[in-house]
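Data first, discussion second: the structure below is written as structure tokens.
Please treat every number below as a calculation from the coordinates, not as lab data. Predicted model only: the values in this text are computed from it and were never measured. We place every Cβ from the backbone using ideal geometry, glycine too, and count neighbours over all the protein chains shown.
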Amino acid sequence: MDGSSECGGPVLFKTLLGDLDDAFLRTDDAVRGMGFKSAVRVANNKLTRKQKEGVVYFDNADKTVFPYAFEQVAEAMPKVMVANAATDFGTVKAQDEKDTITVKYLVKYQLTPGESGSFRIYAAAKKYRENDRLVLLWRSFTERLGRFEGLQSDDTTWMVVRPSSVHWDRSYTVLESYTRLVPIELGNTSGCDNINSFVNIIATSGEEEFKQMMHMMEKMVINDTVTASSQVGGNRS
């Protein structure tokens, strides 16, 4: 991807949107052999540095199990995927294509007790519903602003929602997610330490966004369950 977002949001969004279908076709390859942790609840967004064919990238694979039915989680997840009360959304617009959205927003962070910074994110997301699972694709381009301007990243996240294959006494749903981040350097503004700092900030921000998204999703599922129960009770009366 071209490292300059100044060529215009529409051009960048078009590129991101064009990548989604290709990324979906690679879903099984992306998540195969990732070694998702088997704990009932896992939320570990630490990114690990790797290198393949001369390309440095960072990735993370994690797994969360919810005590809710698959249909409930599959209905709620797309609604909260881009919702985050902690971010300052500059532009949000839906595309003509079904189940697709693009978003541009600014994330602020604390670098030191006396210094803060921010980075801008351009992203495109799309959901793919299959019989036995829901796949959510997130493609984003992040540019760091301020003192470390010149550092950027090209990211892809696969989120696969499916019914649990383990037979418990109630319905459970599994969310497996895999993120791959490729850092981009422009000019001589960075270095290994700054790249690691940049990636760590993105990971920390992503962890907070993930926690908020999961909290929002669970709240939505619980509210929908209460509403449905109330309606059933009202009909019986």
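One table, with the values for the structure above:
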quantity	calculated
Peptide ranges 196-206, 211-221 listed from the most packed, as the mean C-beta count within 10 angstrom indicates	196-206, 211-221
Gain upon complete extension [Thr48, Asp22; 0.36 nm per residue less C-alpha separation]	7.0 nm
Cα-projected label distance for Glu75 with Glu115, points at 7 Å along beta-carbon direction, nm	4.9
Sequence-distant residues sharing a close amide H with Tyr172 (under 5 Å, placed H)	Ser164
Vicinal HN-Hα couplings computed from phi for segment 116-124 (Karplus, 6.51 cos²θ - 1.76 cosθ + 1.60; Hz; Gly/Pro x)	10, x, 7, 9, 9, 10, 10, 9, 9
Per-pair calculated FRET efficiency, R0 = 30 Å: Ser197 and Asp99 via Cβ, rounded to 0.05	0.25
Difference of contour (0.36 nm per residue) and Cα-Cα distance, Lys14 to Glu149	46.2 nm
Karplus-derived HN-Hα couplings along segment 137-142 (A = 6.51, B = -1.76, C = 1.60, θ = phi - 60°), whole Hz, x at Gly and Pro	10, 10, 10, 9, 10, 10
Spin-label model distance (nm) - Asn223 vs Val55, 7 Å beyond Cα toward Cβ	4.0
R0 of 45 Å, Cβ-Cβ distance Lys108-Arg133: FRET efficiency to nearest 0.05	0.80
Residues of type lysines that Lys79 reaches as a straight line, Cα spacing below 21 Å, ignoring anything fewer than 8 places off in the same chain	Lys63, Lys93, Lys98, Lys104, Lys126, Lys127, Lys211, Lys219
For Gly150, distant residues with modelled amide H under 5 Å away	Arg144
